[in-house]
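Colleague: Let me begin by handing over the structure; questions about it come next.
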């Protein structure tokens, strides 16, 4: 189902140099600095993930009548503002999208890529839909995990949005591919707070499972852990290959490869596996801004479009992996 992206909007937390704040989060300063990030963005305590999403959406809609929007797709990385509560519905109302269906995508960091497939599917099954708003957003809930120390990515707070219009000629959707491996579903979960083990008053604040818990999953077997890390990268590259094949192009024809705003080593490894020079990725944007979770790809697209770095005809692949585990890729053409 043909559609293209016509406008973008971005909202970010306050910028902080990693070297200035790393000691607030960990004693293992050298390890964290070694990931290659220069800055992160942190939202004030009173700014929620839906606040960020609304701000980014409002900027993307500056030249669009909200009543003309038929579909809102919101992709979140972390917890929403409340439990038993629909963040997509709140954003729909706050933006005045009174006619729009609201869809929530909750697949962690990969959701900003699978959201494009969601738009394609809704446009295919709803012939009357002509305009959609796609938003990816992240607001790190620091009560439950450490934005600089829990993972090997440094998490930033921010949101990015794009307007998708049926048959628009700019940044046209060409294909999407996704795959899931539920063997890893328990990695990175928080054991307390769900229906199986609810919060209990008076107990310690629970925490998200971190990288050391992943090591435990493999019984501290270095070979098995290395194989898991390799699998993440290889299946990301495979997702790019399969999305390109669906689009009728090859990886060597890609003008840009936009990955998660991961650490420098992972970005270099995945770019090499796909066969795209690191200079044609989002590596520099990642280092300068940190990881926005499900907003990474929309953020990179917005910045590259703003800087005039995308030329007519350019093929752009958006690829990601996320908890679940999920791998996905979407191919766009400028």
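Colleague: Evaluate the following for residue 177: is it within 19 Å of residue 326 (Cβ to Cβ) and either touching a strand residue (DSSP E or B) at 6+ places or on another chain (Cβ under 9 Å) or outside the structural domain of residue 108 (by TED's automatic domain parsing) (or both)?
Modeller: It is true that residue 177 is within 19 Å of residue 326 (Cβ to Cβ) and either touching a strand residue (DSSP E or B) at 6+ places or on another chain (Cβ under 9 Å) or outside the structural domain of residue 108 (by TED's automatic domain parsing) (or both).
Matching residues to (1) free of Cβ contacts under 8 Å to residues at least 24 places away in the same chain; (2) over 23 Å from residue 107 (Cα atoms); (3) outside the structural domain of residue 325 (by TED's automatic domain parsing):
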residue	(1), (2), (3)
192	yes, no, no
195	yes, no, no
221	yes, yes, no
233	no, no, no
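Colleague: Being modelled with pLDDT of 95 or more, over 18 Å from residue 324 (Cβ atoms), surrounded by fewer than 20 Cβ atoms within 10 Å (Cβ to Cβ) and in the same structural domain as residue 10 (by TED's automatic domain parsing) is the requirement here; does residue 57 meet it?
Modeller: Considered against the rule, which asks whether it is modelled with pLDDT of 95 or more, over 18 Å from residue 324 (Cβ atoms), surrounded by fewer than 20 Cβ atoms within 10 Å (Cβ to Cβ) and in the same structural domain as residue 10 (by TED's automatic domain parsing), residue 57 comes out as no.
Colleague: Spot the failing condition for residue 122; the list is (1) within 18 Å of residue 331 (Cα to Cα); (2) buried (at least 23 other Cβ atoms within 10 Å of the Cβ), and only one is missed.
Modeller: Condition not satisfied by residue 122: (2).
Colleague: Of the residues that make up the stretch 181-193, is at least one in a loop (DSSP other than H, G, I, E, B), touching a helix residue (DSSP H, G or I) at 6+ places or on another chain (Cβ under 7 Å) and more than 27 Å from residue 233 (Cα to Cα)?
Modeller: Just the residues of the stretch 181-193 that are in a loop (DSSP other than H, G, I, E, B), to begin with: 181, 185-189, 191-193.
With touching a helix residue (DSSP H, G or I) at 6+ places or on another chain (Cβ under 7 Å) added as a condition, the list becomes 187.
When the remaining residues are screened for being more than 27 Å from residue 233 (Cα to Cα), the result is none.
No, the stretch 181-193 has no match at all.
Colleague: So in the stretch 280-334, with the set limited to residues that are farther than 26 Å from residue 252 by Cβ and in a loop (DSSP other than H, G, I, E, B), which one is modelled with the lowest pLDDT?
Modeller: The residue in question is 324.
Colleague: Now for a separate question. Looking at 215, 200, which is the one that is farther than 24 Å from residue 308 by Cα, free of Cβ contacts under 8 Å to residues at least 24 places away in the same chain and not in a helix (DSSP H, G or I)?
Modeller: Every option except 200 fails the conditions.
The values are calculated or read from the model by the stated rules, or taken from the named source; none is laboratory data. Everything numeric here is computed off the predicted structure, so don't read it as measured data. Glycine gets a Cβ as well: all are built from the backbone with ideal geometry, and neighbour counts include every protein chain shown.
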